[in-house]
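Below you'll find the structure, written out as structure tokens, and then a few comments.
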Amino acid sequence: MSDDVNGDGRSRRREDTRQKLYEAAVELIAEQGFSATTVEDIALRAGVAKGTVYYNFKSKTDLFEELLRHGIGLLTDAFREAVAGRPPREAVAALVRTQLEYIQRYRAFAQLLLSEMWRTNREWQQTLILLREQAIGVIASTLQAGVDSGDLPPELDVRVSSSALFGVGLVVAVDWLVFMPERPIEDVEESLLAIVRRVG
């Protein structure tokens, strides 16, 4: 039994270390770009030895890919939780609120995601496309359920609308936090929902 406890402790410590490295990497890359950020910078910001970075990740690129998986995975899970058991229109509102809250909490990651989303020359482009598809897939399922139930217009283009909802939410939230941080989240949510209602 003590082995299990030790194993769990090691696993938890490793997760804590990886979390520190993710946070350090996302802050640095958001501040100075991927190319200018070194493994040494990340280790220093995280307060660990350089070897710790390589113990947890094969390379800086591997760390960045895992960071994308981690960050977008958290958003996708939050989307799934937000829509569970809700009728379609209520679920769409919950998605908007969830995305705003997520970006408020992980602002540096959101800024990084926004800057990387449409780049086509990165090694992790394929990973980012797949991850983006997962997040947008939750939105698409919600909109499709609304079309199927008659709550949303039958002519709604689910694919384009899902991408629009995701993209607009991301841009509006980052814009809010950078240029109007004093504005309450409820105001931003209401404005976003007004746009969504006009489109839908």
The computed P(r) of the stretch 29-120 puts the percent of Cα pairs beyond 19 Å at 51
Connecting every pair of Cα atoms under 10 Å apart in the chain and solving the GNM, the largest mean-square fluctuation among Arg119, Arg80, Arg12 falls on Arg12
Largest fluctuation, Leu113, Leu74, Leu170 only, Gaussian network model of the chain with Cα springs under 10 angstrom, belongs to Leu74
Length gained if Thr17 through Glu182 is fully extended, taking 0.36 nm per residue and subtracting the Cα-Cα distance, is 56.1 nm
Kirkwood calc, the chain, C-alpha pairs only, radius in angstrom 18.4
Counting only protein heavy atoms and rolling a 1.4 Å probe, one gets per residue an accessible area for the stretch 138-197 in Å² of 50
Taking Cα atoms only, helix 125-149 is inclined relative to the longest principal axis of the chain by an angle, in degrees rounded to 10, of 30
Counting only protein heavy atoms with a 1.4 Å probe and every protein chain in place, the carbon and sulfur fraction of the accessible surface of the chain in whole percent equals 52
Taking R0 as 45 Å and r as the Cβ-Cβ distance between Ser191 and Asp8, the FRET efficiency 1/(1 + (r/R0)^6), rounded to the nearest 0.05, comes to 0.50
In the stretch 16-79, the trypsin sites (Lys or Arg not before Pro) that sit in a DSSP loop and have at most 16 other Cβ atoms within 10 Å of their own Cβ are Lys58
Toy charge model, Lys and Arg Cβ at +1, Asp and Glu Cβ at -1: the chain dipole around Cα centroid in debye, rounded to 20, equals 340
Taking a probe of 1.4 Å and leaving out DNA, RNA and ligands, the stretch 1-74 shows per residue an accessible area in Å² of 58
For the stretch 135-187 the GluC sites (Glu not before Pro) that pass both the DSSP coil test and the at-most-16 other-Cβ-within-10 Å test are Glu155, Glu182
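The values are calculated or read from the model by the stated rules, or taken from the named source; none is laboratory data. Note that this is a predicted model, so its numbers are computed, not measured. Cβ coordinates were reconstructed from backbone atoms using ideal geometry, including for glycine residues, and neighbour counts include every protein chain displayed. Ligands, DNA and RNA are stripped out before the accessible areas are found, and what is left, the full protein with its side chains, is counted by its heavy atoms. Shrake-Rupley method; radii C 1.70, N 1.55, O 1.52, S 1.80 Å.
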